[in-house]
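Each value in this text was obtained by applying a stated rule to the coordinates, not by laboratory testing. The structure displayed is predicted, hence computed values, not measured ones. Heads up, the Cβs are rebuilt from the backbone with ideal geometry, glycines too, and the neighbour counts pull from every protein chain shown.
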Amino acid sequence: MFAFAGLWERWHGGEDQPVESCTIITTEPNDLVRPFHDRMPVILPKATWDAWLDPELKDADKVTPLLQPYPAEEMEDVQVSDHANNARNDDPQCLEPASMFGEQG
């Protein structure tokens, strides 16, 4: 299990309608992700979750050091099927290795 660093806010838009918005914070890619993209989500180590989610936190400098690439050596690169490229597909098959479907890596 892992967690992305993100921000959530409720604010009032036009006509005083509440708006809930969220974002995932990104950073530069680590060596594993770099061949695929020029950025990656900030992945928070489990030991930092409480600090990131602390509702009393007022000083962003206390969590800013967490906004860095996750160590590549703690990640695994697994090619998945093209099935995962379609946003309409939201099923376990999206996580299956490409080799299970005869796709070449």
> Within the stretch 11-37, which residues are under 24 Å from Glu76 (Cα atoms) and either among the small types (Gly, Ala, Ser) or not in a loop (DSSP other than H, G, I, E, B) (or both)?
Replying inline: Ile24, Thr26, Thr27
> Name the pairs whose Cβ atoms lie under 9 Å apart, with the first residue in the stretch 55-76 and within 30 Å of Pro97 (Cα to Cα), the second small (Gly, Ala, Ser), and 6 or more positions between them or separate chains?
Replying inline: Leu67/Ala5
>> Please determine whether any residue of the stretch 37-48 is charged (D, E, K, R) and touching a helix residue (DSSP H, G or I) at 6+ places or on another chain (Cβ under 9 Å).
In response: no
> Can Ala72 be described as closer than 17 Å to Met1 by Cα, among the hydrophobic types (A, V, I, L, M, F, W, C) and touching an Asp or Glu at 6+ places or on another chain (Cβ under 6 Å)?
Replying inline: yes
> If you take the residues in the stretch 1-39 that are surrounded by 10 or more Cβ atoms within 10 Å (Cβ to Cβ) and of a type in the set (A, V, I, L, M), which one is farthest from the chain's Cα centre (by Cα)?
Replying inline: Val19
> If you scan the stretch 55-80, which residues turn out to be in a loop (DSSP other than H, G, I, E, B), under 20 Å from the mean Cα position of the chain (by Cα) and not acidic (Asp, Glu)?
Replying inline: Val63, Leu67, Gln68, Pro69, Tyr70, Pro71, Met75, Val78, Gln79
> For the stretch 13-28, does any single residue satisfy the condition of being touching a helix residue (DSSP H, G or I) at 6+ places or on another chain (Cβ under 8 Å), within 30 Å of Ser99 (Cβ to Cβ) and hydrophobic (A, V, I, L, M, F, W, C)?
Replying inline: no
